[in-house]
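The structure under discussion appears below in the form of structure tokens.
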Amino acid sequence: MKATATANANIALVKYWGKRSSDPILPQNGSISMTCDGMSTTTTVEFSDKYREHTVTINDEEFKKDEKDIHGHIDRICKLAGIIQHAKVVSESNFPVAAGLASSASGFAALTMAACTAAGLKLSKKELSIITRQGSGSACRSIFGGFVEWVRGQKDDGSDSYAECIASKEKWPDFRMIATIVEAKKKPVSSRGGMAQTVTTCPYYKDWLSTVEDDLDTVRKGIQEKDFGKVASTAEFNALKMHATMITTKPPIIYWIPATMEIIHAVRQMREDGINAYFTMDAGPNVKILCLDKDVSEIEKRVNELDGVVNTILCKPGDGAALLDKHLF
Ligand code: 2P0
């Protein structure tokens, strides 16, 4: 009753921002992401009679209960599998946790695959994505590799709200995302709290929703056509629209810091200079630059010259969640 899984983070090209239900977690809108090779979480789960309660250790620190209910997620999987044992969970990520870099996505995807396997459940990847979604929404996209759509679905039970691969990593191997790290500390407003506040208080939230279907169509088509300008420019505008809803929420949620603006302007200058670069941002101050492999070295050179940039992480389309033979304990 022990298994280890690894999963990559993902970066949304069309964002998930807002729930229509929090139990089970169901999104207001569909989303599309790229699974990011190079930003991963590995998790070992063991169920045993020798454990009196679930214990969770993340990056060598004992996890204290917070709004992301990891213990509740393990209970959910135990119930599904019909087991009564408790779990020991040890998890390691190779990138900053909770800095708007989708650490909960890789975390919940790896945890769900490892826990379901350790509990003896035999599930398809679609079924795994549905269970993962109940722990953290965007995590369901990390079950798959390459380019992934999380389908909104219509049903209240969530059975039609799942992730699926829309293009393999081999389809577009030279697509790149450069995460520029400006501040690696924990963010002031969580995604979960921030999106709930946006749905209830942003006067423009319905306008956001009214544009997302078009963005999904454009990005889906753009990926099939490997039309970088189409995909990346739509992703950039989609991220700006999402941040517009955050900023106009009560109280306003402003994740941007001066270095965020510095990078945004640098990317716009790159385009002026003929470099095909666009940006996207999530619930944090870090900017992710979308580009093609041929432009990576020039873009990295330019962003590393900016005062506010601490570090960059380069990602290409990566694999979906997978089981490993080697356990963390
Ligand atoms: C996304 N984000 O599509 C968007 C863009 C942040 C900004 O999904 O409450 O951690 O666990 O479902 O998935 C972050 O939200 O929220 C997120 P829950 P989650 O990547």
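The values are calculated or read from the model by the stated rules, or taken from the named source; none is laboratory data. Keep in mind it's a predicted model, so treat the numbers as computed, not measured. Positions of Cβ are generated from backbone atoms using ideal geometry, with glycine treated the same way; all protein chains shown enter the neighbour counts. SASA here: full protein model, heavy atoms, side chains in, ligands and nucleic acids out. Shrake-Rupley method; radii C 1.70, N 1.55, O 1.52, S 1.80 Å.
Can you work out which of the residues in region 52-75 that are touching a His at 6+ places or on another chain (Cβ under 9 Å) and loosely packed, with under 14 Cβ neighbours inside 10 Å is farthest from Asn311 (Cα to Cα)? Working first, answer last.
Looking only at region 52-75, we keep the residues that are touching a His at 6+ places or on another chain (Cβ under 9 Å), and these are 52-56, 63, 65, 70-71, 74-75.
Cutting the leftovers down to loosely packed, with under 14 Cβ neighbours inside 10 Å gives us 52-53, 65.
On the way: Arg52: 41, Glu53: 38, Lys65: 30 Å.
Of everything passing the filter in region 52-75, Arg52 is farthest from Asn311 (Cα to Cα).
Kindly indicate whether Ile254 is among the hydrophobic types (A, V, I, L, M, F, W, C) and within 30 Å of Thr201 (Cα to Cα).
Answer is yes for this residue.
Scan the strands (runs of 3 or more DSSP E) fully inside region 1-61 and keep the ones with 1 or more residues being within 11 Å of the ligand (Cβ to nearest atom) and more than 11 Å from the chain's Cα centre (by Cα).
On the way: elements: 2-14, 19-22, 25-27, 31-48, 55-58.
Here the list reads 2-14, 19-22, 25-27.
Considering every residue within region 200-208, establish whether at least one is assigned by TED's automatic domain parsing to the domain that holds Asn94, in a loop (DSSP other than H, G, I, E, B) and not small (Gly, Ala, Ser). Show your work before the answer.
Filtering region 200-208 down to residues assigned by TED's automatic domain parsing to the domain that holds Asn94 leaves none.
Among the residues of region 200-208, not one is assigned by TED's automatic domain parsing to the domain that holds Asn94, in a loop (DSSP other than H, G, I, E, B) and not small (Gly, Ala, Ser), which makes the answer no.
So which of Met195, Met113 ends up being assigned to a helix (DSSP H, G or I), outside the structural domain of Ile32 (by TED's automatic domain parsing) and buried (at least 21 other Cβ atoms within 10 Å of the Cβ)? It would help to see each step written out before you state the result.
Values: Met113 fails: outside the structural domain of Ile32 (by TED's automatic domain parsing).
Of the residues listed, the single one that is assigned to a helix (DSSP H, G or I), outside the structural domain of Ile32 (by TED's automatic domain parsing) and buried (at least 21 other Cβ atoms within 10 Å of the Cβ) is Met195.
Output the number of residues of region 122-152 satisfying the condition of being part of a loop (DSSP other than H, G, I, E, B), in contact with a Phe, Trp or Tyr (Cβ under 9 Å, 6 or more places away or on another chain) and away from the ligand (no atom under 14 Å from the Cβ).
Total meeting the criteria: 1.
Name the single residue, out of those in region 183-224 being under 30 Å from Asp307 (Cβ atoms) and more than 16 Å from the ligand (Cβ to nearest atom), that is modelled with the lowest pLDDT. Let's see the steps before the verdict.
Filtering region 183-224 for residues under 30 Å from Asp307 (Cβ atoms) gives 183-191, 194.
This time we only want the ones that are more than 16 Å from the ligand (Cβ to nearest atom), so: 183-185.
Working: Glu183: 71, Ala184: 58, Lys185: 65.
Among them, the one singled out is Ala184.
Restricting attention to strands (runs of 3 or more DSSP E) lying wholly within region 281-329, give those where 2 or more residues are within 23 Å of Gly194 (Cβ to Cβ) and open to solvent by less than 10 Å² (accessible area, probe 1.4 Å).
Working: elements: 287-292, 311-315, 322-324.
It comes to 287-292.
Only one residue in Ile84, Ile77 is more than 22 Å from Arg133 (Cα to Cα) and assigned by TED's automatic domain parsing to the domain that holds Arg141, so which one is that?
On the way: Ile77 fails: more than 22 Å from Arg133 (Cα to Cα).
Of the residues listed, the single one that is more than 22 Å from Arg133 (Cα to Cα) and assigned by TED's automatic domain parsing to the domain that holds Arg141 is Ile84.
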